[in-house]
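Asks: Submitted below is the structure of interest, expressed as structure tokens.
The values are calculated or read from the model by the stated rules, or taken from the named source; none is laboratory data. Bear in mind the structure is a predicted one, so any value in this text is a computation, not a measurement. Note that we place each Cβ from the backbone using ideal geometry, even for glycine, and neighbour counts take in every protein chain shown. Just the protein is used for accessible areas: all its heavy atoms, side chains included, with ligands, DNA and RNA removed. Shrake-Rupley method; radii C 1.70, N 1.55, O 1.52, S 1.80 Å.
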Amino acid sequence: MSIQNRYEFVYFFDVTNGNPNGDPDAGNMPRLDPESSKGLVTDVCLKRKIRNFVELDSENQPGYEIYVKDKGVLNLQNKRAYEALGIESEAKKLPKDEAKARDITAWMCKNFFDIRTFGAVMTTEVNSGQVRGPVQLAFAQSIDPIVPLEISITRMAVTNEKDLEKERTMGRKYIVPYALYRVHGFISANLAAKTGFSDEDLVKLWQALQLMFEHDRSAARGEMAARKLIVFKHDSALGSLPAHKLFDAVKVERVGGESGTPASGFSDYQIRVDSDGLGGVSVEELL
């Protein structure tokens, strides 16, 4: 059964001497807002990490396959629904029979965790419809401005034989010395009813948010850690308060260094929740 309550959540994570989300249009420099110099991490970057964790944690478990994955061919994924239901596919079109079209999309939701969670546009050559997912994330933004550093690195080996006379080859990488990022999330019970997003799926999402960085280590990303996960649960599917009022209840205070300047560590911040006046909404800190 799908979830019966609306949720919002505030998620904090940080990076030390790493690049949390490079911009390919800027030489893989850490993304930032040019006006405020605050760092940015895209929603799709975070969703990728959630997908990777669920795939790792629930490999071969029915209903927890991942639709958008490394080297995945979407047309082949879509075709599986037609084959499973014994329906003939027509190029770029759903079956004319509305019941069959619904069955195709429902099969995709049932078998792929990321479709019933984040939604998907499956209107490719093999058309399986499109789904609006109940879980949505905003861009993550750093609490204070960041100052990306460009670091020169050397490699003792060379790539080509013609470069053998060189002692070493040079390269560059960008890092953020430290930054704490904040992201807002939304979970709709009404959309969950359409995709089948269940309480078990919700538990899997919370688990992924707490542990996904532990299985995403790389030299480029330095040290990344989940710091806080604050969940607001409404007492109904429609909810009791606007999301922005709940987000405003989560306060971040700078307790070390000067506010508006780059921080040096998580201890420079204090995070608290002002739960007064949140009637109909319960608050839980999972981290």
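Asks: Run down the aspartates and glutamates and flag those whose C-alpha is under 14 Å from the C-alpha of K47, throwing out any fewer than 8 positions away in its chain.
Replies: E55, D70, D114, D216
Asks: Okay, moving on. By the gyration tensor of its Cα atoms, with a ≥ b ≥ c the square roots of the eigenvalues, what is the shape of the chain: rounded for a/c under 1.5, prolate for a/b over b/c, or oblate? Could the numbers behind the result be given before it?
Replies: Details: a/c = 2.55, a/b = 1.20, b/c = 2.13.
The shape class here is oblate.
Asks: Also, I was wondering about something else. For region 107-113, what does the Karplus curve 6.51 cos²θ - 1.76 cosθ + 1.60, with θ = phi - 60°, yield as ³J(HN,Hα) per residue in whole Hz, taken in order and with x for Gly and Pro?
Replies: 5, 5, 5, 5, 9, 10, 4
Asks: When the chain is treated as a GNM, springs tying every alpha-carbon pair under 10 Å, which of A243, A219, A193 comes out with the largest mean-square fluctuation?
Replies: The residue with the greatest mean-square fluctuation here is A219.
Asks: Using label points projected 7 Å from each Cα along Cα→Cβ, tell me how many nm separate R102 and A26, to one decimal.
Replies: The two pseudo-label positions are separated by 4.7 nm.
Asks: Then there's this: Quick check: Cα centre of region 95-113 to Cα centre of region 64-88, how many Å?
Replies: The distance from the Cα centre of region 95-113 to that of region 64-88 comes to 11 Å.
Asks: A further question on this structure: Loop-only check: which trypsin sites (Lys or Arg not before Pro) in region 22-81 are DSSP coil with at most 11 other Cβ within 10 angstrom? Each step should come with its number before you reach the end.
Replies: Numbers: sites: R31, K38, K47, R48, K49, R51, K69, K71, K79, R80; in loops: R31, K69, K71.
Hits after loop and neighbour filter: K71.
Asks: Next up: So if each residue of separation counts as 0.36 nm, and I subtract the Cα-Cα distance between F186 and A243, what length gain in nm does that give? Don't skip to the answer; put the middle values down first.
Replies: Details: separation 57, 0.36 × 57 = 20.52 nm, distance 0.81 nm.
Length gained, F186 through A243: 19.7 nm.
Asks: Starting from the Cα-Cα distance between R155 and A193, subtract it from 0.36 nm times their residue separation and give me the gain in nm to one decimal. Walk me through the intermediate numbers first.
Replies: Numbers: separation 38, 0.36 × 38 = 13.68 nm, distance 5.34 nm.
Length gained, R155 through A193: 8.3 nm.
Asks: With labels modelled as points extended 7 Å from the Cα through the Cβ direction, what inter-label distance (nm, one decimal) is found for Q210 paired with V252?
Replies: Taking the simple label geometry, Q210 and V252 are separated by 2.2 nm.
Asks: Shifting gears a bit: Pick out which of P262, P177, P24 has the largest mean-square fluctuation in a Gaussian network model of the chain, springs linking Cα atoms closer than 10 Å.
Replies: Highest fluctuation of the listed residues: P24.
Asks: Can you compute 3J(HN,Hα) from phi for each residue in region 86-91, using the Karplus curve 6.51 cos²θ - 1.76 cosθ + 1.60 with θ = phi - 60°, rounded to whole Hz and x for Gly and Pro?
Replies: After applying 6.51 cos²θ - 1.76 cosθ + 1.60, I find x, 10, 7, 8, 10, 3 Hz.
Asks: Among G171, G22, G86, which one shows the biggest mean-square fluctuation in a GNM of the chain, springs joining Cα atoms closer than 10 Å?
Replies: Comparing G171, G22, G86 in a Gaussian network model of the chain, the most mobile one is G171.
Asks: What number comes out for accessible area per residue over the chain if the probe is 1.4 Å? Units Å², please. Walk me through the numbers on the way to the answer.
Replies: On the way: 15090 Å² over 287 residues.
Accessible area per residue, the chain: 53 Å².
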